[in-house]
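The values are calculated or read from the model by the stated rules, or taken from the named source; none is laboratory data. None of these values were measured; they are calculated from a predicted model. Cβ: placed from backbone, ideal geometry, glycine included. Neighbour counts: every protein chain shown.
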Amino acid sequence: MMVDDVLGAVRERLRTPPSCGVAGLDRVVADALRPGKLLRPGLVVGSAAAAGAGLADRALRHRVVLAAEAMELLHVATLVHDDIIDGSPLRRGRPSVVASAGVASALVVGDLLLARGALAAAGAAPNGPLVWARALACMARGQLLEADLRGAPSVEAHREYAALKTAELFRASAEIGALAVDAEPDVVRAHGEFGLHFGIAFQHVDDLLDVVGDPARTGKPAGLDAANGVPTTAALLLEASSTGGLATLVAAELEDASASLPPGRGSAELRAWAADALRRTLHAADDRPRRTLVQLSAVLDRFEHDIHPVRETTPCTPTPVL
């Protein structure tokens, strides 16, 4: 229940953002911040709880709230900018910021959210801004890789792209959650590794929705990646008539995510949270890939309990970080 209370506090802060002094822009910011699934804040809070933190402590709880807010602000800011790049008309079932307010306002809103996210990260932990900025730099590198991905599409190239563009934000979310409660460095690293592999698995599943997602459930049009010429793992495997390969890729990432965590109740709760998050994401698919959905469901059932050897990974370390 304490985890739910912390997420409730994050949701309330997002619903009531501070004014920037321009009424028209305030409305656009408030609309952009309508809470979505809150996956990244959920991982922040779950990581803090799994680190053994007593979230009943008011000061620690406030730092965790700031950490979760920082990661969601970063996430939303990059979505606003992504929608400019992709020309997406919808976001979370409503007109995107660029569709409703234009390119100029969307650029300013994204920048404003980034500034507020950096401030929240500074209040979460001494190294919070470092982790936050590293995630942003990695995401920018991932965006720049998109052109290369179009030119030479492959499952391996897409994994690198997904690691930078999506999974590094999940890595940072898990790390800053642990940092906010003064966890030991080895715990921060382990949680970050978990977040990275979960993030890649999440992107594989989310890519499937671009092919077979129900817009009424996803809140955005299907086929945007294909329309923009961005090959995804799901599309590449479907093209090769290898839909079963998607479940294999997701399973490999989740095995490594699980193996990065030490035994214990907190780790089990993190795995349960991740499995639930992926199940909720799969719920947005229509019924066409029935076999793939069944395979992925079985993978998630095993993930909550299985532990396997983990591969060594190198975190994105852009130079300079700040």
Report task. Would you check which residues across segment 19-74 are closer than 21 Å to Pro185 by Cα, in contact (Cβ under 8 Å) with a residue 60 or more places away in the chain and among the charged types (D, E, K, R) and list them? Result -> Arg40, Arg63
Query raised in the report: Which residue out of Arg217, Arg189, Arg171, Arg159 is in a helix (DSSP H, G or I), touching a Leu at 6+ places or on another chain (Cβ under 6 Å) and not small (Gly, Ala, Ser)?
Result: Arg171
Query raised in the report: Within segment 12-59, which residues are surrounded by fewer than 17 Cβ atoms within 10 Å (Cβ to Cβ) and assigned to a helix (DSSP H, G or I)?
Result: Glu12, Arg15, Ala23, Gly24, Leu25, Asp26, Arg27, Ala30, Arg58, Ala59
Requested in this report: Select from segment 68-92 the residues that are among the hydrophobic types (A, V, I, L, M, F, W, C), closer than 15 Å to Arg13 by Cβ and out of contact with any Phe, Trp or Tyr (no Cβ under 9 Å at 6 or more places or on another chain) and list them in ascending order.
Outcome: Ala68, Leu73, Val76
Query raised in the report: Is there a residue being within 30 Å of Pro263 (Cβ to Cβ) and touching a helix residue (DSSP H, G or I) at 6+ places or on another chain (Cβ under 6 Å) anywhere in segment 135-146?
Result: yes
Report task. State all residues of segment 80-108 that are surrounded by 18 or more Cβ atoms within 10 Å (Cβ to Cβ), touching a strand residue (DSSP E or B) at 6+ places or on another chain (Cβ under 8 Å) and free of Cβ contacts under 8 Å to residues at least 40 places away in the same chain; if no residue qualifies, say none. Result -> Asp83, Ser96
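Being without any contact (Cβ under 8 Å) to a residue 24 or more places away in the chain and farther than 16 Å from Arg271 by Cα: is that true of Glu146 here? Quick ask: steps written out before the conclusion?
On the way: without any contact (Cβ under 8 Å) to a residue 24 or more places away in the chain: no; farther than 16 Å from Arg271 by Cα: yes.
No: the conditions fail for Glu146.
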Query raised in the report: Does Gly213 count as in contact with an Asp or Glu (Cβ under 8 Å, 6 or more places away or on another chain), within 21 Å of Leu90 (Cβ to Cβ) and in contact (Cβ under 8 Å) with a residue 40 or more places away in the chain?
Result: yes
Requested in this report: Kindly provide the set of residues from segment 162-183 that are small (Gly, Ala, Ser), closer than 12 Å to Val131 by Cα and under 9 Å from the mean Cα position of the chain (by Cα), ordered by number.
Outcome: Ser173
Requested in this report: Could you check, for segment 138-157, whether at least one of its residues is over 14 Å from the mean Cα position of the chain (by Cα) and modelled with pLDDT of 95 or more?
Outcome: yes
Query raised in the report: What are the residue pairs meeting all of these: first residue in segment 173-194, first residue closer than 22 Å to Val250 by Cα, second residue assigned to a helix (DSSP H, G or I) and charged (D, E, K, R), Cβ atoms under 6 Å, and 6 or more apart or on different chains?
Result: Ser173/Arg40; Gly192/Arg171; Gly192/Glu175
